[in-house]
There are 2 protein chains.
Amino acid sequence: MRDPRSVRCTYYLESEMEPAKAAAIMAGEQSSGTFLPVPGESARIRERHAAHIVDVQEFGFCKPSLPSRANPEKVRAALVTVDFPMENVGTDLATLQTAIAGNLFELGDLYACRLQDMVLPEDFVAAHPGPAFGIGGTRKLISDVQGVMVGTIVKPNVGLSEEEFRLVVRDLAMASIDLIKDDELMTDPAYLPLERRVAVATEEIRAAEQVTGHATMYAFNITGDLAGLRKRHDTVVEAGGRCVMLNIPVMGMPALALLRSFAEVPIHGHRAGLAASMRSKALGMDYRVWQQMARLAGADHLHASGLGSKFYELDAEVAANIRSLLEPLGQTVTPLPVLSSGQNVTTPGPTFEATGTTDLMMLAGGGVAAHPDGPGAGVKSLRQAWEAAVDGIPLLTAATRRADTGDAALLHAVQTFGKGA
Amino acid sequence: MRDPRSVRCTYYLESEMEPAKAAAIMAGEQSSGTFLPVPGESARIRERHAAHIVDVQEFGFCKPSLPSRANPEKVRAALVTVDFPMENVGTDLATLQTAIAGNLFELGDLYACRLQDMVLPEDFVAAHPGPAFGIGGTRKLISDVQGVMVGTIVKPNVGLSEEEFRLVVRDLAMASIDLIKDDELMTDPAYLPLERRVAVATEEIRAAEQVTGHATMYAFNITGDLAGLRKRHDTVVEAGGRCVMLNIPVMGMPALALLRSFAEVPIHGHRAGLAASMRSKALGMDYRVWQQMARLAGADHLHASGLGSKFYELDAEVAANIRSLLEPLGQTVTPLPVLSSGQNVTTPGPTFEATGTTDLMMLAGGGVAAHPDGPGAGVKSLRQAWEAAVDGIPLLTAATRRADTGDAALLHAVQTFGKGA
């Protein structure tokens with residue numbers, strides 16, 4: 001039985017020591033322990049503040065995954081479950097992260113230390129607001145759009161002049177796209193400041209809505225110094241913008257929580273830089289842990305790579321990450337999983353098969369902008385590909401049927417992007 | 001010749017592709033590139049906004065270091081130098097970090113991607129304040145202390161009652177220690193709130209100073225939510241506290257820069273969690289890159305592990321990291337390198353030999369609290385060990401000489417901590 005007043009974490013560890021002893025050293029470093037007994041380390045303190053090893057599952061010998069001071073030929077691997085007393089952490093996110101993912105990665109006695117899972121106490125979860133909009137609130141702001149939402153990144157992602165930028169947004173908004181987002185690199189450059197981007201994009205989106213009846217959401221990247229965060233958010237909201245974007249790993253969870261405390265629009269959570277502490281399986285934390293913290297801090301949309309992407313994660317891993325975003329987390333609103341990188345008409349089929357949901361946003365860069373019939377056909381083809389995926393109709397069949405009725409958007413998309421289709 | 005308007009970065013990469021092609025893809029992802037040519041990607045944009053590959057040094061074939069979608073047996077390794085146009089980044093730290101250490105770690109085509117070095121344009125450096133106090137300002141606040149500063153962490157690190165805490169601080173302050181710091185896990189827990197810690201510690205330190213004449217600095221850990229950061233800082237300053245501490249990797253560089261904008265006392269920069277993106281040599285960034293950002297954001301003290309520590313880094317790596325902190329960075333004030341973990345009377349010798357400087361702060365936990373003659377003798381023994389190191393006198397010789405004159409603090413420390421002495 002899990003103690004309801006503790007944070008339960010599961011780590012993959014490698015050590016020369018007995019796995020149980022290695023776990024104890026790690027747990028000590030992250031709670032009340034020190035290497036030498038010191039005066040004042042009473043039984044009361046150990047009882048109330050020490051992390052407890054709940055379970056140790058040994059895997060036998062392996063090669064050490066990470067460098068250290070020593071360089072043993074073989075170490076023992078284990079999966080270790082640790083309970084951290086909530087009393088040490090309170091309900092603060094930064095303190096939680098320090099406890100479960102702080103100094104422990106530095107320990108020379110460990111040749112792997114990977115936080116694979118975390119179960120938070122109800123009291124901890126309840127102390128945080130979670131997303132203000134999530135899936136439902138986002139749909140509402142995009143003309144109550146149903147099914148998978150289709151979005152794209154402004155391309156070229158950097159270097160556009162204001163007039164070039166205006167034309168890109170106009171084309172996309174006129175194509176009734178659901179979301180346009182800034183590139184993660186596009187923040188507030190002198191050649192195209194955020195204020196001008198906001199003015200131009202909201203103007204073009206309003207004008208397009210008059211024609212199409214569809215309200216496109218724009219995720220303005222307000223990543224940057226914290227002193228100006230509120231002002232950048234207000235610039236977006238005052239111009240009628242409906243979404244702000246934050247590069248979470250670069251800004252930190254506390255910055256996300258701060259933004260959540262005053263944000264009047266959904267927060268689009270980008271993950272640029274996250275792989276630095278996630279890609280090595282021997283170090284850092286799994287996405288399923290990270291996303292819990294990002295949700296508690298208040299992200300409405302969360303990037304999760306994409307099936308068939310150009311990024312490193314396997315499709316099965318991406319699917320598991322998406323599912324983790326849709327798992328309940330206390331009473332919080334469910335965030336919108338955002339798929340990106342290499343997304344086009346060929347990816348809805350495998351994505352729906354692996355996740356079984358249409359509560360998703362799919363971002364297609366080239367898949368929209370590089371459609372041979374223009375971005376309008378790009379957006380349409382992606383919606384049609386999702387319809388086929390949900391209906392269980394093979395992509396090429398659906399494309400051919402549409403083409404037979406005079407609508408070649410999907411077929412041309414398949415021909416352009418669907419090498420494997 | 002380096003373009004003075006660009007950020008020069010050196011990466012270690014592994015890829016199945018020609019190293020030059022892999023470098024081009026990485027540079028494209030991090031500037032103006034996309035995988036499919038899109039309308040509007042003009043020659044002007046490529047010219048002004050694309051990152052440029054300046055140098056590629058091939059190392060031949062190796063085993064892939066990181067997992068990815070594909071799983072090749074062999075890949076080619078290379079050291080690649082890339083210039084990122086400052087025009088993309090402006091002078092914003094979060095944008096810089098997104099550009100040089102963002103999505104690139106995710107790229108499936110790379111089986112290693114490690115940022116090893118960075119040279120910033122003068123204009124970028126000049127746009128940031130850097131440390132307000134650094135080494136000199138810190139010395140001034142600690143009774144103009146000379147030589148290596150000696151500090152310690154409150155032990156036990158969590159769980160102390162207010163009265164227990166008071167006695168620990170009293171003992172250390174009466175021992176004329178230079179710095180006492182909170183553990184990185186100790187933030188603002190209900191059982192010993194920051195406000196009470198500040199009240200008690202400042203009171204005890206003032207009282208001790210009346211006796212000893214020595215002004216001990218206390219680094220109060222104000223890590224936590226950003227909404228309360230200013231208030232926590234003010235609590236420290238209003239009580240007469242002389243230092244605040246921040247867990248930088250957990251809070252983020254923007255939070256550090258925000259704190260710097262209003263901090264009236266030195267910022268003690270802890271690195272808890274940093275190893276998650278640093279310990280795998282195939283991923284993340286080297287300390288020499290990270291510390292430049294932390295210095296620009298305004299950290300006065302920066303943790304750098306310690307020689308002979310219980311952490312993973314080799315002594316040579318620790319020494320190089322310390323030296324990187326002492327390298328000039330534009331016109332900014334030099335920060336104070338902080339050595340911790342496993343530090344005791346045996347470490348000054350090797351540390352001085354490797355770094356040649358006394359502009360350091362050495363934190364000894366057990367080395368102070370667990371000295372058989374009490375913390376006063378612990379502090380004294382560490383100062384004496386540093387004196388011996390600087391004078392080139394072997395530790396045991398120095399200890400014996402002191403003991404012969406009736407001062408056994410160093411000898412007892414050697415006997416207690418110096419298994420290898």
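Nearest-to-axis residue in chain A, judged by Cβ distance to the rotation axis that brings A onto B and given in whole Å, is A:252, 1.
For chain B, the calculated P(r) over all alpha carbon pairs, in 10 Å bins from 0 to the bin holding the longest distance, is 5, 21, 27, 22, 15, 8, 2, 0, 0 percent.
Reported to the nearest whole Å, the Cα centre-to-centre distance from the stretch B:173-221 to the stretch A:136-215 is 52. Taking 8 Å as the Cα distance limit and 6 or more residues as the minimum spacing, I'd like the relative contact order of the stretch A:6-126 as a percentage. Taking the mean separation of contacting Cα pairs over the length of the stretch A:6-126, I get 44 percent. Note on A:153, A:53: ascending count of other Cβ atoms within 10 Å places them as A:53, A:153, the fewest first. When the charge dipole of chain B is built from unit charges on Cβ atoms (+1 for Lys and Arg, -1 for Asp and Glu) and taken about the Cα centre, the candidate among B:385, B:249, B:185 whose Cα reaches farthest toward its positive end is B:385. Among A:122, A:164, the order by Cβ neighbours within 10 angstrom, fewest to most, reads A:122, A:164.
When both the stretch A:59-135 and the stretch B:399-418 are represented by their alpha-carbon centers, they are found 41 Å apart. Per residue of peptide B:63-75, the mean number of Cβ atoms on other chains within 10 Å of the residue Cβ is 2. Once both labels are positioned 7 Å from their Cα atoms along Cα-to-Cβ, the gap between residue A:52 and residue B:357 label points is 4.6 nm.
Scalar couplings 3J(HN,Hα) for the stretch A:290-306, obtained by applying the Karplus form with A = 6.51, B = -1.76, C = 1.60 to θ = phi - 60°, are 4, 5, 5, 5, 5, 5, 4, 6, x, 5, 8, 10, 9, 5, 9, 6, x Hz; x denotes Gly and Pro. Given the options B:181, B:380, B:63, which has the most mean-square fluctuation in a GNM of chain B, springs set between C-alpha atoms less than 10 angstrom apart? Residue with maximal mean-square fluctuation among B:181, B:380, B:63: B:63. Is the stretch B:104-163 rounded, prolate or oblate when judged by the Cα gyration tensor, a ≥ b ≥ c being the square roots of its eigenvalues, rounded requiring a/c under 1.5 and prolate requiring a/b larger than b/c? Because a/c hits 1.5 or more and a/b fails to exceed b/c, the stretch B:104-163 counts as oblate. Dipole orientation for the protein assembly as shown: of the candidates A:60, B:214, A:399, A:60 has the Cα lying most toward the positive pole (charges on Cβ; Lys, Arg +1; Asp, Glu -1). Remark: label point of residue A:123 defined 7 Å out from Cα along the Cα-Cβ vector; separations to the same position in other copies 5.4 nm, ascending.
The other copies place their residue A:210 label points at 7.6 nm from this one, listed shortest first, where each point is 7 Å from Cα along Cα→Cβ.
Taken about its Cα centre, the protein assembly as shown carries a charge dipole of about 360 debye when Lys and Arg each add +1 at the Cβ and Asp and Glu each add -1 at the Cβ. Note: relative contact order over chain A, using C-alpha pairs below 8 Å and six or more positions apart, is 15 percent.
Between 0 and 90 degrees, the angle of helix B:315-326 with respect to the longest Cα principal axis of chain B falls at about 90 degrees. Ranking A:362, A:322, A:235 by how far each Cα lies toward the positive end of the dipole of the stretch A:134-417 (charges on Cβ) leaves A:322 at the top. For the stretch A:123-267, the gyration tensor built on C-alpha atoms gives an oblate shape. Its axis ratio a/c (a ≥ b ≥ c) is at least 1.5, and a/b is not larger than b/c. Less than 17 Å from a label point 7 Å out along the Cα-to-Cβ axis of residue B:238: which backbone N atoms in the stretch B:163-200 qualify, by residue? Only B:193-200 pass the distance filter. Note on the stretch A:6-126: with charges restricted to the Cβ of Lys and Arg (+1) and Asp and Glu (-1), its dipole about the Cα centre is near 260 debye. What are the lysines whose alpha-carbon lies under 29 Å from the alpha-carbon of residue B:21, with same-chain residues fewer than 8 places away excluded? Hits, sequence-local ones excluded: A:155, A:181, A:281, A:310, A:419, B:63, B:74, B:281. When each of A:211, B:145 is scored by the number of other beta-carbon atoms lying within 10 Å, the sequence from fewest to most is A:211, B:145. With its label point put 7 Å out from Cα toward Cβ, residue B:59 sits 2.5 nm from the same residue's point in the other copies, in order from shortest. Helical runs assigned H by DSSP (4 residues or longer) give chain A a calculated mean residue ellipticity at 222 nm of -11500 deg cm²/dmol, each run adding -39500 (n - 2.57) before division by the residue total.
Relative to the Cα centre, the charge distribution of the stretch B:134-417, modelled as +1 at Lys and Arg Cβ and -1 at Asp and Glu Cβ, gives a dipole magnitude of about 420 debye.
Readers should treat all values here as calculations from the given coordinates under stated rules, not as data from a laboratory. What you see is a predicted model, and the numbers here were worked out from it, not measured in a lab. Cβ coordinates were reconstructed from backbone atoms using ideal geometry, including for glycine residues, and neighbour counts include every protein chain displayed.
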